[in-house]
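Asks: Below you'll find the structure I mean.
The values are calculated or read from the model by the stated rules, or taken from the named source; none is laboratory data. Remember, predicted model here, so these are calculated numbers, not experimental data. Please note: Cβ atoms are built from the backbone with ideal geometry, for glycine as well, and neighbour counts cover all protein chains shown.
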Amino acid sequence: MQVHPKSRPIFSEIPLIGVLKKHFAEMDIDVDLSNNTNPFLGTLGNYPDLTQKSLKKHYWQVISSLNQPADYTPQKIDEIIDQHILFTVGSSEGIDLLLRSFAEPNKDTIAVTEPSFPAYEHWGKLHNLQIKRFKLKEENYNQLDVDDIIKENPKLVFLCNPNNPTATLLDTEIIDKLCRSLDGFVIVDEAYIEFSGISSAIYDLSRFNNLIVLRTLSKAWGLAGVRCGAVIAADPLVINTLRYIQIPFGFPTPSQELVANRCAFPQTMIASWEQIRQERVKLVKNLSNLSVVKKITPSDVNFFLMELNHFSTVMAFLNQHKIHVVSCDNEIANSIRVSIGTEKENQKFLKAMSLISDSLT
Ligand SMILES: Cc1ncc(COP(=O)(O)O)c(C=O)c1O
């Protein structure tokens, strides 16, 4: 199996493991006596499907019907989509595989934006990489000093769009310019894109060979318990490379079935996004009137960033009331990230916020 020419040199020293050889060679097997499994206890006695060809097609059909640009025409990769997708154990595994495949420890640099999802930096550090942070600028955190990133010549750039924790969107020209100018890979983590309705970077895959999109089924798809994410790459050799080091069989058969079912019946999932939007609009409107709320950054997704007055007092109060939100104070002073919950959960949060507001005025 051919791996990407930019993969780490160690790839050429380590042969493909046996079980992958069997699948990649697409051998015509009638009797398989190679697995040492128990044949007497039903179908879960077999290892999960490793190629997931039809599931990839069904997944692509759903996602490519969403987040389309205005001038969308079906892409060339539609026909060979299974070569461009790798399902992973959440998108977390995708991040880890990319770092371990393309960045050499104690040598290479990766670029991350600030503030953003901390996992890129966390695993990057564990992998002994140099981390360069680039600030998201302007009130809506949608600008970056792209030329500074290009000067740094990183092996991988991680962009999160919409961004966690700010819920904001990158200026589209940024992704284009980085893809055009960088030798390394541009990774666009679209964990929350389905909520937003903005155009996805998957529609740019046919334009940029160094573009990689990360998706997860943990958020809008409502399948966090299934542990499924997807790496979608312009270049099939990227997928080969990740697969080369991925621990085989991490996508269990029952999880594959649940994803297939969601793909076959996506309507309930899509309808729930409108429910979330309505809850967000309501919650944000009510919170905006409270004295402890200084600013809420506009959001199109299932969470929002909120700057507080009396930050420590409010956090202690929420804690006392067993309400957990994420503190972003280290990155953005006095700010928290709040996920949209059920109507009942949102009401409880609003009530606690109203109580503490009243007691401080
Ligand atoms: C931006 C972003 N990317 C990736 C992930 C990882 O999600 P998972 O591993 O559940 O797919 C998260 C989870 O919070 C996230 O916010």
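Asks: In the list Ser312, Ser357, which residue meets the criterion of being small (Gly, Ala, Ser), buried (at least 18 other Cβ atoms within 10 Å of the Cβ) and not in a loop (DSSP other than H, G, I, E, B)? Break it down into steps so the answer makes sense when it comes.
Replies: Numbers: Ser312 fails: buried (at least 18 other Cβ atoms within 10 Å of the Cβ).
The match here is Ser357.
Listed here are the residues, each with its yes/no results for (1) in contact with a Cys (Cβ under 7 Å, 6 or more places away or on another chain); (2) at pLDDT 95 or above; (3) farther than 18 Å from Tyr244 by Cα.
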| site | (1), (2), (3) |
| --- | --- |
| Gly45 | no, yes, yes |
| Tyr59 | yes, yes, yes |
| Tyr72 | no, no, yes |
| Ile85 | no, yes, no |
| Ser91 | no, yes, no |
| Glu114 | no, yes, yes |
| Pro118 | no, yes, yes |
| Leu129 | no, yes, yes |
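Asks: Also: Taking the criterion of being more than 16 Å from the ligand (Cβ to nearest atom), outside the structural domain of Phe311 (by TED's automatic domain parsing) and either among the polar types (S, T, N, Q) or without any contact (Cβ under 8 Å) to a residue 24 or more places away in the chain (or both), would at least one residue in segment 235-248 satisfy it? Give the derivation first.
Replies: Kept after step one, since they are more than 16 Å from the ligand (Cβ to nearest atom), are these residues of segment 235-248: 235-241, 243-245, 248.
Those still in the list that are outside the structural domain of Phe311 (by TED's automatic domain parsing) too: 235-241, 243-245, 248.
Add one more test, that the residue is either among the polar types (S, T, N, Q) or without any contact (Cβ under 8 Å) to a residue 24 or more places away in the chain (or both), and what stays is 240-241.
Yes, because at least one residue in segment 235-248 is more than 16 Å from the ligand (Cβ to nearest atom), outside the structural domain of Phe311 (by TED's automatic domain parsing) and either among the polar types (S, T, N, Q) or without any contact (Cβ under 8 Å) to a residue 24 or more places away in the chain (or both).
Asks: Quick check on segment 288-297. Is at least one of its residues among the β-branched types (Val, Ile, Thr), away from the ligand (no atom under 16 Å from the Cβ), out of contact with any helix residue (DSSP H, G or I) (no Cβ under 9 Å at 6 or more places or on another chain) and free of Cβ contacts under 8 Å to residues at least 40 places away in the same chain?
Replies: Within segment 288-297, none of the residues are among the β-branched types (Val, Ile, Thr), away from the ligand (no atom under 16 Å from the Cβ), out of contact with any helix residue (DSSP H, G or I) (no Cβ under 9 Å at 6 or more places or on another chain) and free of Cβ contacts under 8 Å to residues at least 40 places away in the same chain.
For (1) β-branched (Val, Ile, Thr); (2) over 24 Å from Val238 (Cα atoms); (3) assigned by TED's automatic domain parsing to the domain that holds Asp176; (4) crowded, with 17+ Cβ neighbours inside 10 Å, each residue gets a yes or a no:
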site: Glu104; (1), (2), (3), (4): no, no, yes, no
site: Asp108; (1), (2), (3), (4): no, no, yes, yes
site: Val112; (1), (2), (3), (4): yes, no, yes, yes
site: Ala119; (1), (2), (3), (4): no, no, yes, yes
site: Asn128; (1), (2), (3), (4): no, no, yes, no
site: Glu138; (1), (2), (3), (4): no, yes, yes, no
site: Tyr141; (1), (2), (3), (4): no, yes, yes, yes
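Asks: For residues that are surrounded by fewer than 23 Cβ atoms within 10 Å (Cβ to Cβ) and over 14 Å from Pro69 (Cβ atoms), scanning just segment 174-190, find the one that is nearest to the ligand (Cβ to nearest atom). Let's see the steps before the verdict.
Replies: Step one: list which residues in segment 174-190 are surrounded by fewer than 23 Cβ atoms within 10 Å (Cβ to Cβ), which gives 174-177, 179-184.
From what is left, the residues that are over 14 Å from Pro69 (Cβ atoms) are 174, 177, 179-184.
Numbers: Ile174: 17, Lys177: 22, Cys179: 19, Arg180: 24, Ser181: 24, Leu182: 21, Asp183: 24, Gly184: 19 Å.
That would be Ile174.
Asks: Which of (1) in a helix (DSSP H, G or I); (2) touching a strand residue (DSSP E or B) at 6+ places or on another chain (Cβ under 9 Å); (3) in contact (Cβ under 8 Å) with a residue 40 or more places away in the chain is the odd one out, the single condition Ala260 does not satisfy?
Replies: It is condition (2) that Ala260 fails.
Asks: Could you go through segment 121-131 and let me know if any residue there is more than 16 Å from the ligand (Cβ to nearest atom), on the phi < 0 side of the Ramachandran plot, in contact (Cβ under 8 Å) with a residue 24 or more places away in the chain and over 16 Å from the mean Cα position of the chain (by Cα).
Replies: Scanning segment 121-131 turns up at least one residue that is more than 16 Å from the ligand (Cβ to nearest atom), on the phi < 0 side of the Ramachandran plot, in contact (Cβ under 8 Å) with a residue 24 or more places away in the chain and over 16 Å from the mean Cα position of the chain (by Cα).
Asks: Pick from segment 209-221 the residues that are within 19 Å of the chain's Cα centre (by Cα) and away from the ligand (no atom under 12 Å from the Cβ): which of them is farthest from Thr88 (Cα to Cα)?
Replies: Applying the first criterion (within 19 Å of the chain's Cα centre (by Cα)) to segment 209-221 yields 210-221.
Keeping just the survivors that are away from the ligand (no atom under 12 Å from the Cβ) gives 210-212.
Details: Asn210: 20, Leu211: 18, Ile212: 14 Å.
Among those that are within 19 Å of the chain's Cα centre (by Cα) and away from the ligand (no atom under 12 Å from the Cβ), it is Asn210.
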